[in-house]
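The values are calculated or read from the model by the stated rules, or taken from the named source; none is laboratory data. Here the structure is a predicted model, which means the values were calculated and not measured. Glycine gets a Cβ as well: all are built from the backbone with ideal geometry, and neighbour counts include every protein chain shown.
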Amino acid sequence: MAELNQKISEVLSEVGKFLAMQKEPWKPRAYEKAAETINSLEEDVEDIYKRGGVKALQEIPGVGASIAETIEEYLKTGKVKKLESLEKRTPVNLSELSRVEGLGPQKVKKIYQKLGVTNLAELEKAAKAGKLAKIPGFGKKTEENILRGIGFAKTAGNRSILGHTMPKVRLLEERLRKIKGVEAVLAAGSVRRCKETIGDIDILAIADNPTEIMDAFVKMPEVVNVTAKGGTKASARFSWGMDVDLRVVPRESYGAALMYFTGSKDHNVVLRGLALKKGYTLNEYGLYVFKGGVKGKMVAGKTEEEIYKTLGMQFIPPEMRENTGEVELALQHKIPKLVDYGDLEGDLQVQTSWTDGGNSIEDMAKAAIKQGLKYITITDHTKSLAMTGGLDDKRLLKQTEEIDKLNKKFAGKIKILKGTECDILKDGSLDISDEVLAKLDVVGVSVHSHFRLPQKEQTARVVRAMENPNVDILFHPTGRIIHKREAIDLDMDAVIHAAKRTGTVLEIDAYPDRTDLKDEYIRKCVEAGVKMSIDSDAHLAQHFVFLEYGVSQARRGFAEKTDIINAWPVEKMLGFLKK
DNA sequence: GCCGTTTTCGGCCCGACTGTTTTCAGTCG
C-alpha cells in the first residue's frame, strides 16, 4: 500500500543523505531522485515487485539495478544492509536532524564528530550551551541560525501536513466502508475542515455492528498501539505517527456528531449559544427543544443540513467553520457559493523535465487530461535557478516551439499554454527579457533567493516584479514551506493592493507543503477583488491531484469560482490576463 | 547510481549566497 511506498522512499532518501555525508559524488542525487519518484508513485511498489520482480522495479524512472535490489531487500527482510552499515559509521538520526533548515549532512557529521550530537534534543542542548559556535568553520551566526531552525522544526511537532495525511485518511475511510453493516464513514475534525496541518484524525461511522468495525480498526496492520477500545470509541496510534479515533454514532445523531467533531470548537460554541437563544440545546447527539431548563424532544440531528436549517441558517461548508464570520453570513443567508472541487478547468503552474520536473511536456499533458483538465501552462524555471537547469531566453523560445507541435497533437483534448516560472532577482527585475516574456501566454514570477530581506525591501522587490506589464501571476507569493521555512517578510496588504492596481493574479500554490497563499490572505484577496489561480506546481505527472488542496485552501479563504481564474474557460482566463 | 535526440561510457548538479574565512566549505533551490 501507499504507506509502504512512502517507507521505501524514506529509506532511499536516507541512504542518499548518508552517502552525501561521505561526500560520494552523484549517488546521493540518484537515491534522492528515486525516493521522490517512488513517493508519488500511484501503484504500490510491492505490487510492481510481485508482478515482475526486480526487472519490473527497474522500469520505474530513476530506479536501476542497484536501487531495485535495495528495494527487493527491503521488501523481503524489512532491512537494508547498506543503510545499516552507513548508520553504524555515523550513528545519527539524520532524517530528524536534516529537518533543520541550514543543517546538511556535512554539518551534521562535524557536529557528531566534535560533540557526539545524534538527535534534535542533543543538538538544541549543544547550541544553547554555545558549543556549536566553537566548532571550526562554525560561528555565532551559524549557531543562531541552527537554533532558529530547531525552533521551527519543533513547532512542527506532531502535526502533519494536510496533503500528506489526506491520502492515508482516504485509505482508512475506504477500508472501513467495506466492512459489512457499515452504513457511513467520514473523517471529521481538522481533516474535514482542511486545515493546513492536522494533529489527529477523528473518524465517525454508522454501523449496525459496532464491535466488528472496532475490531477491524484496531487490527489494521499499521496500528502500533491501541490506547482505547470500547463499544463506541476506539483510539489507536498508527505507525505513521498519528492518533486516530474511531467513533460509532447512532444513525439519528450522525449529523450532530459530524458537526460536533468537525468543529472548530469556536464554531461549535457559537452555534450552541445560538441554539440556546432560540430555545434549543445542541450537543453531539442532536438538537433538542430546551424550555425552562428542561431538555425536551430532539428536533434535528440526522444531518448537519437539518440542524443548520432548524437554527434558521444556511449550511456552512466545513472549510469555513472557524468562527471568523461564517455564522453571521449563514444567518443572513449570505454564505458565498465557494469554488468547488472539480471546478478547475486548467492548471497554470507545471514543471517538466526541461528543468526540475520528472516528466516530459507530453506526459504532463496526458496526466492533466486524466485529471480532467482542459488546459495547462508549462512553467519551467529560469536560468537563475541554476540547479534546476533553468531556461534562458533561447531555450525558453525553443520550448515554445515544442509546445506548438504538441498542441497540434493534442488538439481537441487539451490546450498547452506557453509560460514560465521566471525568477525575481534581488532588485525585483526578472531574468528573462521582456521581449521573450511578451511572447508567452502566461508569465508567472517567483522568489527563490534572498529570502531574508527586510520587509520594506522584500515588498518593494516583489511589487516591482508585479509592475512589469508582462507579468501575469505571482507564484507561491510568500515562499513559505510548512514546517521548514518561514514566509518571506512581505507587507501583504501592500502586495494585495499592488496586485489590484497592476492586475496581477496571486497564486494559491497547492503543492502540499506550500499551500501558499494562506487562507487569511485569500480572504483579503477576495475582499479586495484580487483574482487568484489555484495551481498544482506539479513536478511529476502524479502531482495534479494536489489541486484538491488548493481548492480546499481557497474554500477556507471564502473564494468563489469568480475569484479563481483557472476555474474559468481558457479564453476567458487568457482574456483576463495583462495584455 | 542512473541514463541514452551528447554517449552502453561518460555525463549528470551548478551558481549564488552565507558565514566563515583571508580563499573556501556548506547549503539551497
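Only one of the listed residues (A:VAL244, A:VAL289) is closer than 29 Å to A:GLU3 by Cα and in a strand (DSSP E or B). That residue is A:VAL244. Here A:ILE67, A:ILE111 are screened, and the one residue that is in a helix (DSSP H, G or I) and touching a helix residue (DSSP H, G or I) at 6+ places or on another chain (Cβ under 6 Å) is A:ILE67. Considering only residues in the stretch A:424-436 that are crowded, with 16+ Cβ neighbours inside 10 Å and within 12 Å of DNA strand B (Cβ to nearest atom), the one that is farthest from A:PRO569 (Cα to Cα) turns out to be A:LEU425.
Could you say which residue among A:LYS107, A:LYS81 is over 29 Å from the mean Cα position of the chain (by Cα) and within 12 Å of DNA strand B (Cβ to nearest atom)? The conditions single out A:LYS81. With respect to the conditions (1) buried (at least 19 other Cβ atoms within 10 Å of the Cβ); (2) outside any strand (DSSP E or B); (3) without any contact (Cβ under 8 Å) to a residue 40 or more places away in the chain, A:PHE217 falls short on a single one, namely (3).
Annotation note: Cβ proximity below 7 Å between a residue of the stretch A:465-484 that is in contact (Cβ under 8 Å) with a residue 60 or more places away in the chain and a residue that is in a helix (DSSP H, G or I) and more than 13 Å from DNA strand B (Cβ to nearest atom) (sequence gap 6+ or interchain) occurs for A:ASN470/A:ASP434; A:ASN470/A:LEU437; A:VAL471/A:ALA465.
All conditions but one from (1) without any contact (Cβ under 8 Å) to a residue 60 or more places away in the chain; (2) within 16 Å of DNA strand B (Cβ to nearest atom) apply to A:GLU421; the one that does not is (1). Criterion first (more than 11 Å from DNA strand B (Cβ to nearest atom), among the hydrophobic types (A, V, I, L, M, F, W, C) and either within 25 Å of A:MET532 (Cα to Cα) or modelled with pLDDT under 90 (or both)) does A:ILE481 satisfy it? In short, no. Screening A:GLY116 on (1) touching a helix residue (DSSP H, G or I) at 6+ places or on another chain (Cβ under 8 Å); (2) surrounded by 17 or more Cβ atoms within 10 Å (Cβ to Cβ); (3) modelled with pLDDT of 90 or more shows it passes everything except condition (2). The residue of the stretch A:90-104 that is nearest to A:ASP513 (Cα to Cα), among those that are more than 9 Å from DNA strand B (Cβ to nearest atom) and among the hydrophobic types (A, V, I, L, M, F, W, C), is A:LEU97. Residue-level check: of (1) surrounded by fewer than 18 Cβ atoms within 10 Å (Cβ to Cβ); (2) part of a helix (DSSP H, G or I), A:ALA228 misses just (2).
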